[in-house]
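A short worksheet on the structure shown next.
The values are calculated or read from the model by the stated rules, or taken from the named source; none is laboratory data. Since the model is a prediction, treat every value here as computed from it, not as a measurement. Cβ placement follows ideal geometry from the backbone for every residue including glycine, while neighbour counts extend to all protein chains displayed. Keep in mind that these areas ignore ligands, DNA and RNA; they rest on the heavy atoms of the full protein, side chains included. Shrake-Rupley method; radii C 1.70, N 1.55, O 1.52, S 1.80 Å.
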Amino acid sequence: MHSCTSVSLDLSFHLGFANNWSLRPLRRSRLCLSQERGIIKPENRHDKGTFTEYNKLGTKDDLLISRSLVAQQDSLPPLVSALKASAEQNVASFHFPGHNRGRAAPPSLTQIIGLKPFSHDLPELPELDNLFSPEGPILEAQREAAKLFGSSETWFLVGGTTCGIQAAIMATCSPGEFLILPRNSHISAISAMVLSGARPKYIIPQYDFEWDIAGGVTSSHVEQAVKELEMEGQRAAAVFITSPTYHGICSNLTEISQLCHSHGIPLIVDEAHGAHLGFHPQLPNAALQQGADLAVQSTHKVLCSLTQSSMLHMSGNMVDRERICRCLQTLQSTSPSYLLLASLDAARSQLSENPDTIFNRAMELAFEAKYLIKEIPGILVLDLARFSNFPAIDPLRLTIGFWQLGLSGYEADEFLCRDHGIVCELVGNRSITFAINLGTSRDDIQRLILGIEHLVGITAPIDGEKGYGEFNGYTPFGDIKMSLIPRDAFFASKKKVGIGESLGKVCGELICPYPPGIPVMIPGEVITEKALEYLLDVRSKGAVITGASDTSLSSIVVCNV
């Protein structure tokens, strides 16, 4: 009877590989194979992709070629380099995913994107590192990102900024502790309170009724919330601020962070729309530059990583990093996409090549577009004068009002998209928001201006300042009363009732017009007449209602309390 070792040796001989092949499991070794025989064995696991010659029969030329390949990989960002090298290995793959490096990729999709994405769609191979305990290319990539963005530590996210916000709130708020946050926070903050058991202390943001747009939060808002909690014998575990907002409105985070830290409270910033901030003299400072403890950025929005990829940045030591790591392990997939991770590394590298000038062209086009659009009669452009309590509006965010033409944002968007192929970022009741980025061209700007001019040309401006949809008194945050905290409402028994019967009952579902995904009703809040009127009003004008089990709003889920 053969021993296990002799069987392995006999098998390797009969397969024709002799002693040039190691039969150790693929996940336990890193292999780099030439097309014919240049087999290379890895050195120590911590050597970050350096290799030594293993095949003693290899020639000097083989070794020079292998060193050249390594040098080429080293010129790429670390995680991109590792992914490229791994995808180019000549291996027999007996691991997931099932498309087997593209060999069984669905033809309907390869006709659109080709095989390359599939060949690089690899699992947690040793040479690609581990997202939850990185010590190779992921660790190096995250450290490079931390240097660029000015954080003490950066984590890559494959669950979007939603995942980062949830982790940040869970890492700072335990069940029953208070979180101060604006009532117009993204739904990810609400789900984070469900997960953490945190109790909300809401701030009502400044609201511009003419534009139907919520602004930011001031330090006085935060101070008032802190004092109200203190009067109740409570204290905040964290403060959560959205800056910039979807429309680009930036809060004064320097003042807010100083206030928070004077009370020993960490500041979390939802900076989903601000990964580019601080990288041009005319761009507002980033959250970390203003003293935030945690900032979560959607690297895929204005920067150029793949959709769903984001970063969580930490500054200082007010927040326990180990707790953040545990929260991320709880929330993130155990099978992260290395395409998403590598795209974060690539976007960081792209930005770091020219961090002071990379946005010059985009800024030039943004200022040009605003100047020319302001000259068009009947068209309004959102500027800082509407939100004078705040330090800045992101110049790469362009919000245009159409109500003086007698048009809603939805009607104007339909025309621009249908007749001119102009696709916006956000449609509102009275305005449209356009995002200008590194890929925006002068032709794009010219098309936008011509489209708006055409729209004005076929629409008669309405006399005076009134126009379409003069404010009707409905606000999304005008009358809030909380009966249950979000976590208790989430797990409470529920029933569905007609909208006429729902008034005064406790809402059991999260209901919001989308985009931007800011809830008008949150589980645990008492359903008010103003909230219902607002939802029905914006729905009648074209808004898509998300979160509700009945998107027609003929019925609503309520809690049995």
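Measure up Lys495/Lys530; Lys301/Lys494; Lys301/Lys496; Lys227/Lys505; Lys505/Lys541 against 28 Å on the Cα-Cα distance and list the ones that go over.
Violating the 28 Å Cα-Cα cut-off are Lys301/Lys494; Lys301/Lys496; Lys227/Lys505.
In whole Hz, with x marking every Gly and Pro, tabulate ³J(HN,Hα) for segment 324-330 from phi via Karplus 6.51 cos²θ - 1.76 cosθ + 1.60, θ = phi - 60°.
Listing the rounded values in order: 4, 4, 5, 5, 5, 5, 6 Hz.
Which loop-located trypsin sites (Lys or Arg not before Pro) does segment 85-154 contain, where loop means any DSSP state but H, G, I, E or B and the Cβ has at most 16 other Cβ atoms within 10 Å?
Working: sites: Arg101, Arg103, Arg143, Lys147; in loops: Arg101, Arg103.
Here the trypsin sites (Lys or Arg not before Pro) that fit, given the DSSP loop and packing criteria, are Arg103.
From the P(r) of segment 336-468, could you give the percentage of C-alpha pairs in the tail past 24 Å?
38 percent
List every residue whose amide H lies under 5 Å from the amide H of Ile213, counting only residues 5 or more places away in sequence or on a different chain, with H placed 1.01 Å from N in the peptide plane.
Distant-sequence amide H within range of Ile213: Asp208.
Please report the spacing between the Cα centers of segment 516-555 and segment 79-109 in Å, no decimals.
After rounding, the separation between the Cα centres reads 45 Å.
Counting only the heavy atoms of the protein chains, how much of Tyr371 is accessible to a 1.4 Å probe, in Å² to the nearest 10?
Here the residue's solvent-accessible area equals roughly 150 Å².
Quick one: Karplus J couplings for segment 216-225, per residue in order, coefficients 6.51, -1.76, 1.60, θ = phi - 60°, nearest Hz, x for Gly and Pro?
x, 10, 9, 5, 5, 4, 5, 4, 4, 5
How far apart, in nm, are the 7 Å Cα→Cβ label points at Arg326 and Glu223?
The modelled label-to-label distance comes out at 3.6 nm.
Post the alpha-carbon centroid distance, segment 477-494 to segment 272-342, in whole angstrom.
The two parts, judged by their Cα centres, are 29 Å apart.
With every protein chain left in place, what is the accessible area of Lys374 in Å² (1.4 Å probe, nearest 10)?
My reading of the accessible area for Lys374 is about 110 Å².
Can you bin every Cα-Cα distance in segment 204-305 into 5 Å intervals starting at zero and give me the percent of pairs per bin, rounded to whole numbers?
Histogramming segment 204-305 at 5 Å steps yields 2, 13, 22, 22, 18, 13, 7, 2, 1, 0 percent.
What does the accessible area of Lys201 come to, in Å² to the nearest 10, when a probe of 1.4 Å is used?
40 Å²
When the convex hull of the Cα atoms of segment 256-339 is projected onto a plane and the area is averaged over all directions, what value comes out in nm²?
Numbers: hull surface 25.8 nm².
Average projection, Cα convex hull of segment 256-339: 6.5 nm².
Per the Kirkwood formula on distinct C-alpha pairs, the Rh of segment 486-559 is how many angstrom?
Hydrodynamic radius (Kirkwood, Cα only) of segment 486-559 equals 12.0 Å.
Lys and Arg at +1, Asp and Glu at -1: add these up for the other residues within a Cβ distance under 12 Å of Ile400 and post the number.
After counting each charged neighbour, the total is +1.
Order 118-126, 269-277 from most to least packed using the mean count of other Cβ atoms within 10 Å. Please report the intermediate quantities before stating the final value.
Working: 118-126: 18.2, 269-277: 27.3.
Those peptides, ordered most packed to least, come out 269-277, 118-126.
Amide H of Arg199 versus every other amide H placed in the peptide plane: which residues, excluding those fewer than 5 positions away on the same chain, fall under 5 Å?
Correct list: Gly176, Glu177, Phe178, Leu179.
Calculate the dipole size of segment 137-354 relative to its Cα centre from +1 charges on Lys and Arg beta carbons and -1 charges on Asp and Glu beta carbons; express the result in debye to the nearest 20.
Working: 12 positive and 19 negative charges, 78 e Å.
It works out to roughly 380 debye.
List every residue whose amide H lies under 5 Å from the amide H of Ile422, counting only residues 5 or more places away in sequence or on a different chain, with H placed 1.01 Å from N in the peptide plane.
It is Cys417, by chain and number.
Given points 7 Å out from each Cα along the Cα-Cβ axis, report the Val497 to Gln258 separation in nanometres with one decimal.
4.9 nm
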